[in-house]
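Colleague: First the structure, which I've put down as structure tokens, then a few questions once you've had a look.
Computed from the coordinates by the stated procedures, all read-outs in this text should not be read as laboratory data. Worth saying up front: this structure is predicted, and the values here are computed from it rather than measured. Counting neighbours? That spans all protein chains shown, and the Cβs are built from the backbone with ideal geometry, glycine included.
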Amino acid sequence: MGYQGKLDFVGRTDKGMLRPNNEDAILTDLEIGLVVVADGMGGYKAGEIASGIAVEIIQEFITSGLDEICKHHGISESGYSHESMLLRNAIMRANEVIHDTAKSQPQCEGMGTTVVAALFYNNRVSIAHVGDSRVYRLRRGHFEQITSDHSLLQELVTRGFYTLEEARRSLNKNLVTRALGIDPLVQVDLQEDVALPGDIYLFCTDGLHDMVPEPDIHLTVDTFSDNLETAVQQLVKLANDNGGRDNVSVVLAKPITSFENEKKGFFDRFTDWFS
Ligand SMILES: [Mn+2]
């Protein structure tokens, strides 16, 4: 295992200009192909605790679950890949731990966190999210948001009550309708994508997408597509130059080459001919 030289992951999280502490948490793990971005909420230090638990539990759960998965390639009974189900289960486990901690520790009462996580494997990527942290994808010059926020704003737009522009002007943008830690069970949105060499996946908290207009995010990623360090620095700088009203976190992930998993038996190659 290990995707060094095949995938490029660069991340940065910043307190921003106004907040006293940073309640976002990020994680990049090239060994297992994992990216996690979380935006915690709650009084005192509870937000940091929630987002910290999320990244830690998801990494642990996936690290220990991947060995088992290597034994059965392909798709699970759900129709999703085993990797997608592992990612979803990791997030559901993080939800339980945050919820239990919030129940048992008075200073953590009501804490929660958004999460967006991606697991890269075999030229694919599974993406899961809860809340309003986002994934965008730059592919051959086309930049698009590929997750849909779990926020009041997005729900009203989806139901046709508002256009996106009207909603931006008239609503509290930060009202999240789904988060980890709030209920014992959480509904996780899951999607799978074929990841092509040269694609850039951008993961971020609302501290970026609320502060920096999408065309500026696109332009920055496009301009610095060969230097992800500079791209990430510039994105954080843009958020802070525009006011930095929130913590800001950005991770860029780019397949440099094909990253096909090599451990394939005869049966897998056989089934590949027909898929
Ligand atoms: Mn935020």
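Colleague: Could you list T101, T230 in order of exposure, starting from the residue whose Cβ has the fewest other Cβ atoms within 10 Å? Present the calculation step by step, with values, prior to reporting the outcome.
Modeller: On the way: T101 17, T230 13.
By the 10 Å Cβ count, ascending, the order reads T230, T101.
Colleague: Would you mind counting up the charge near R93? Only other residues with Cβ under 12 Å from its Cβ, with Lys and Arg at +1 and Asp and Glu at -1.
Modeller: On the way: positive: R88; negative: E56, E60, E96, D100.
Combined, the nearby Lys, Arg, Asp and Glu give -3.
Colleague: Measuring from label point to label point, each 7 Å out along Cα→Cβ, what is the R12 to E260 span in nm?
Modeller: 3.6 nm
Colleague: Mind sorting M111, M85 by how few other Cβ atoms lie within 10 Å of their own Cβ, fewest first?
Modeller: Details: M111 29, M85 19.
Ordered from fewest to most neighbouring Cβ atoms within 10 Å, M111, M85 come out as M85, M111.
Colleague: Show that you can apply the helix-only estimate: for the chain, add -39,500 (n - 2.57) for every DSSP H stretch of four or more residues, divide by all residues, and state [θ] at 222 nm to the nearest 500.
Modeller: On the way: 8 runs with 97 residues, N = 275.
After summing the helix terms and dividing by residue count, I get -11000 deg cm²/dmol.
Colleague: Could you tell me how far the Cα centroid of region 11-88 sits from the Cα centroid of region 185-219, in Å?
Modeller: 15 Å
Colleague: Can I ask one more? Which one, E214, E109, E77, has the greatest fluctuation when you compute a Gaussian network model over the chain with C-alpha springs under 10 angstrom?
Modeller: E77
Colleague: Provide C204, C70 in ascending order of the number of other Cβ atoms located within 10 Å of each residue's Cβ, fewest first.
Modeller: On the way: C204 29, C70 12.
With the sparsest Cβ surroundings first, the list reads C70, C204.
Colleague: Assuming R0 = 41 Å, what is the FRET efficiency of D67 and K45, from their Cβ-Cβ distance, to the nearest 0.05? Each step should come with its number before you reach the end.
Modeller: Numbers: r = 34 Å, r/R0 = 0.84.
Plugging the Cβ-Cβ distance into 1/(1 + (r/R0)^6) gives 0.75.
Colleague: Here is a follow-up. Once the chain is represented by equal point scatterers at the alpha-carbon sites, with solvent omitted, what log10 I(q)/I(0) does the Debye formula produce at q = 0.15, 0.16 Å⁻¹?
Modeller: -1.13, -1.27
Colleague: Determine the alpha carbon to alpha carbon distance for each of K45/K237; K103/K254; K103/K237 and list only those over 30 Å. Working shown, then result.
Modeller: Numbers: K45/K237 25 Å; K103/K254 39 Å; K103/K237 37 Å.
Pairs exceeding 30 Å: K103/K254; K103/K237.
Colleague: Are there any helices in the chain, counted as whole DSSP H runs, that stretch 24 Å or more along their axis by Cα and score at least 0.5 on average by Kyte-Doolittle, and if so which? Numbers along the way, then the final one.
Modeller: Working: long enough: 46-69 (34 Å, 0.78); 82-104 (33 Å, -0.40).
Within the chain the helices that satisfy the rule are 46-69.
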